[in-house]
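Step one of this worksheet: look at the structure below.
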Amino acid sequence: MASLGESNQVRERLREVLAKVRAAATRAGRSPEEVAITAVTKTVSPARIRDYVSSAYALGIAPVIGESYLNEFSRKVEFLGSGEGESLEKRYIGTLSASQLPRIWRLFDVIETIGDLKTIDACAAQLNKSRGVRSPRLLIQVNISEDPAKAGFFPSALPLALRCAKERGVPIAGFMTITERYDSGEYEGRDVQGGVRGDYRALAELVGRLREDEEFSSAPFQTSATELSMGMSNDFEVAIEEGATHVRLGSVLFGERPAR
């Protein structure tokens, strides 16, 4: 079980993050309520996750967690408990393979990493298998910086992805991205404003154009308020200023992760 000191640390970190989220939203002329924090809990113990959930409720926000490691999450999900955990939104943000999809489908409320046509096909098959049963919301992953080392659809391929989803009856609730610059080391000692801001703005503008396009103005979008998951611990304020509805935060909430 996490110590009282660790619990207080999680709450204070979340309090500081919330202040930054609200300030960034205000600067952009947005309501802070438009932005949700996804706490990235890979390598985080169930006890610390429970501390985060309690802290979120205490500070007046709905708790959301994001997990990348399916096997790790499968082992610890049973320790998260019920009660508060029943309203805990769980988002899968890791690498996705079609073979893993049935397990991910059962465990998570949102899948953020639909990044190729094969996976859209697999989602269509899973929807057919689970008719009448709750299905997770699905986000298309966009490789906005066209980094060959990262997954996701290049911007030019996004219309094809949406047509494929529409033809197969796969509802799309929004989009996510991880920019090339996040992992490149360019953050060390430099201002992120001129780096990631352009990528985040490009994705928001691309999604806006697609939503205005007659071909994509209704289906396959699931809601009128498309989710836009972008921004991490080092750049979430920039992402919010550029339109993010969900920011994925790990180290700024839980400290640096241990090496695996």
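When you look at Arg75, is it in contact with an Asp or Glu (Cβ under 9 Å, 6 or more places away or on another chain) and either in a loop (DSSP other than H, G, I, E, B) or not small (Gly, Ala, Ser) (or both), yes or no? Full working, then the answer.
Numbers: in contact with an Asp or Glu (Cβ under 9 Å, 6 or more places away or on another chain): no; either in a loop (DSSP other than H, G, I, E, B) or not small (Gly, Ala, Ser) (or both): yes.
Here the answer is no, as Arg75 does not meet what is asked.
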Exercise for review: Write out, first by first residue and then by second, each pair whose Cβ atoms fall under 9 Å of each other, whose residues are 6+ apart or on separate chains, and whose first residue, in segment 200-212, is over 10 Å from Pro155 (Cβ atoms) while the second is among the hydroxyl-bearing types (Ser, Thr, Tyr) and at pLDDT 90 or above.
Suggested key: Tyr200/Thr177
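I'm checking my understanding of the structure. Among residues of segment 43-59 that are of a type in the set (Val, Ile, Thr) and buried (at least 21 other Cβ atoms within 10 Å of the Cβ), which one is nearest to Glu241 (Cα to Cα)?
Val53
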Study note, to complete from the structure: All conditions in (1) in contact (Cβ under 8 Å) with a residue 40 or more places away in the chain; (2) in contact with a strand residue (DSSP E or B) (Cβ under 7 Å, 6 or more places away or on another chain); (3) part of a loop (DSSP other than H, G, I, E, B); (4) not aromatic (Phe, Trp, Tyr) are true of Gly231 except (1)
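So that you can scan it fast, the table gives a plain yes or no per residue for (1) surrounded by fewer than 22 Cβ atoms within 10 Å (Cβ to Cβ); (2) touching a Gly at 6+ places or on another chain (Cβ under 9 Å); (3) not in a helix (DSSP H, G or I):
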{"residue": "Thr113", "(1), (2), (3)": "no, yes, yes"}
{"residue": "Lys118", "(1), (2), (3)": "yes, no, no"}
{"residue": "Cys123", "(1), (2), (3)": "no, no, no"}
{"residue": "Leu139", "(1), (2), (3)": "no, yes, yes"}
{"residue": "Ile144", "(1), (2), (3)": "no, yes, yes"}
{"residue": "Ala151", "(1), (2), (3)": "yes, yes, yes"}
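Which of the following residues is closer than 19 Å to Asp109 by Cβ, touching a residue at least 24 places away in the same chain (Cβ under 8 Å), surrounded by 17 or more Cβ atoms within 10 Å (Cβ to Cβ) and touching a Leu at 6+ places or on another chain (Cβ under 7 Å): Val35, Val64, Val40? Can you show your working first?
On the way: Val35 fails: touching a Leu at 6+ places or on another chain (Cβ under 7 Å); Val64 fails: touching a Leu at 6+ places or on another chain (Cβ under 7 Å).
Checking each option against the conditions leaves just Val40.
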Check your understanding: Which of (1) of a type in the set (Gly, Ala, Ser); (2) open to solvent by less than 40 Å² (accessible area, probe 1.4 Å); (3) farther than 29 Å from Ala151 by Cα is the odd one out, the single condition Gly29 does not satisfy?
Key -> (2)
Review point. Any idea how many residues of segment 125-137 are outside any helix (DSSP H, G or I) and either touching a residue at least 40 places away in the same chain (Cβ under 8 Å) or within 21 Å of the chain's Cα centre (by Cα) (or both)?
Key: 4
**Study point:** Residues being open to solvent by 20 Å² or more (accessible area, probe 1.4 Å) and in contact with an Asp or Glu (Cβ under 8 Å, 6 or more places away or on another chain) - total across segment 200-245
**Key:** 3
Exercise for review: Kindly indicate whether any position in segment 90-104 is more than 18 Å from the chain's Cα centre (by Cα), open to solvent by less than 40 Å² (accessible area, probe 1.4 Å) and more than 25 Å from Asn8 (Cα to Cα).
Suggested key: yes
Review point. Taking only pairs six or more apart or across chains, which ones have beta-carbon atoms under 9 Å, a first residue in segment 6-32 that is under 17 Å from Gly60 (Cα atoms), and a second residue that is among the β-branched types (Val, Ile, Thr) and surrounded by fewer than 18 Cβ atoms within 10 Å (Cβ to Cβ)?
Key: Leu14/Ile61; Leu18/Ile61; Pro32/Thr26
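The values are calculated or read from the model by the stated rules, or taken from the named source; none is laboratory data. Worth saying up front: this structure is predicted, and the values here are computed from it rather than measured. Please note: Cβ atoms are built from the backbone with ideal geometry, for glycine as well, and neighbour counts cover all protein chains shown. Each accessible area value is taken on the protein alone, full model and side chains, heavy atoms only, with ligands, DNA and RNA left out. Shrake-Rupley method; radii C 1.70, N 1.55, O 1.52, S 1.80 Å.
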